[in-house]
Amino acid sequence: MRVVAGLLLLLLGLCGSGAQGEAGGLGEVAEINQNTDPKHPAEESTQQSTKQTDPDVWTELRALRDMVVELNVQVELLQRENSVQATVLVSLESRLTSSESKTRDLEKENADLQTRLSSSESELLISKSRIDQLERENAVQATELTSLGSRLTATESKTSDLEKENADLQIRLSSSESRIDQLERENAEKPKVAFYTALTDAGTLGPYNTDITLKYSKVFTNIGKAYNPSTGFFTAPVKGVYNLQFTVFGYHAGYTGVQVYKNNQRIMYNSEKSSENYVPEYFTKSLVLELTAGDEIHLVLPSGWSIYDNSDNFSTFSGSLLFTL
Ligand SMILES: *[C@@H]1O[C@H](CO)[C@@H](O)[C@H](O)[C@H]1NC(C)=O
């Protein structure tokens, strides 16, 4: 290149101002060269020697100058290309840098993703095995569930039966309870009647000219006050069945005994006869009578008869309500 440039400079020097106008660019170069170093001694000597060369040389030189012009054009072209390429290169470099940076990022990201992926895969394996296990457990539980379901159904059916039974029993129980309440009330209301008496401590009663009502004066028991010692009458307080009992003791010659009256009507006659005094004779009789409320019972000593009692309670009269009707 330097050789070519030197040659060119030489040619230009030779051409001088005569070369101007043929090519603007070359003219300018020649002028620059003259301005830069107008009085170079070597050039001057060259010019002097050139003036003496053959005219063909000029032709050759002109051809060379044309070549140079062409080369210059090419150089300019190449320079432009070069400049464009340089710009492209800079752009490519920056793109490359950016790509490299991106690649590094992506590699890092990739490594992270690999790690995460392998972690996920191992988790997946664990999950699969867990799922298998759960499926097995699920199957077992399903069987158990079916069994429990059928047991539950059976139990529910039994429960339903028992509830029904329970309801029935409740009804029966409340019925029984109310019946018990009623019976308790009835029992509480049920009159209690019991009396036990002895006739007298005075010894022999009678004989009298008329029948007399015996007033058993020693009252030992008189629940319900159904027996009246001042009249000798027993009055039934309620309708019911009554048990009545008496014992007659005779201690003197003659007849002894009592007659039983119900509402002033005789319902029993009995007698015992002793031939002599101080021979004890006695008997006991018992009655079970169905009486209505207000019915009266009393014992009568017939006229001419006698009866004996003292503190030993020989002659007694007693009775009680067996049950109401
Ligand atoms: C007669 O009966 C009453 C009452 O039960 C009794 O207190 C008394 O001791 C009895 N008399 C005799 C001698 O047992």
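Each value in this text was obtained by applying a stated rule to the coordinates, not by laboratory testing. Note that the structure is predicted; figures quoted are calculated from it, not measured. In this analysis, Cβ positions are derived from the backbone assuming ideal geometry, glycine residues included, and neighbour counts consider all displayed protein chains.
Observations
- As computed over the stretch 104-254, the Cα convex hull volume per residue (Å³): 317
- Cβ-Cβ distance of LEU113 and ALA86, R₀ of 41 Å, FRET efficiency by 1/(1 + (r/R0)^6): the value works out to about 0.55.
- Centroid-to-centroid separation of the stretch 300-320 and the stretch 55-111 [C-alpha atoms, Å]: 170
- Neighbour counts of C-beta atoms inside 10 Å place TRP58, TRP305 in the sequence TRP58, TRP305, starting with the fewest.
- 14 Å beta-carbon shell around SER99, net charge (K/R +1, D/E -1): -1
- Label-to-label distance, nm, for residues given as ASP54 and ILE267 (7 Å Cα→Cβ offset): 20.1
- Net charge, GLU177 excluded, C-beta distance under 14 Å - Lys, Arg +1, Asp, Glu -1: +1
- Potential lengthening of the chain between VAL73 and GLU276 amounts to 53.1 nm, from the contour at 0.36 nm per residue minus the alpha-carbon distance.
- For peptides 281-288, 173-180, 247-254, sequence by mean Cβ density within 10 Å, most packed first: 247-254, 281-288, 173-180
- The length gained by stretching the chain between ASP161 and ARG104 to full extension, at 0.36 nm per residue less their Cα-Cα distance, is 12.5 nm.
- Using the Cβ-Cβ distance between SER230 and SER175 with R0 set to 35 Å, the FRET efficiency works out to roughly 0.15.
- Order of ASP211, ASP309, ASP54 under a 10 Å beta carbon neighbour criterion, fewest first: ASP54, ASP211, ASP309
- If you take all other residues with their beta carbon under 15 Å from the beta carbon of PHE283, and give Lys and Arg +1 and Asp and Glu -1, the sum is -1.
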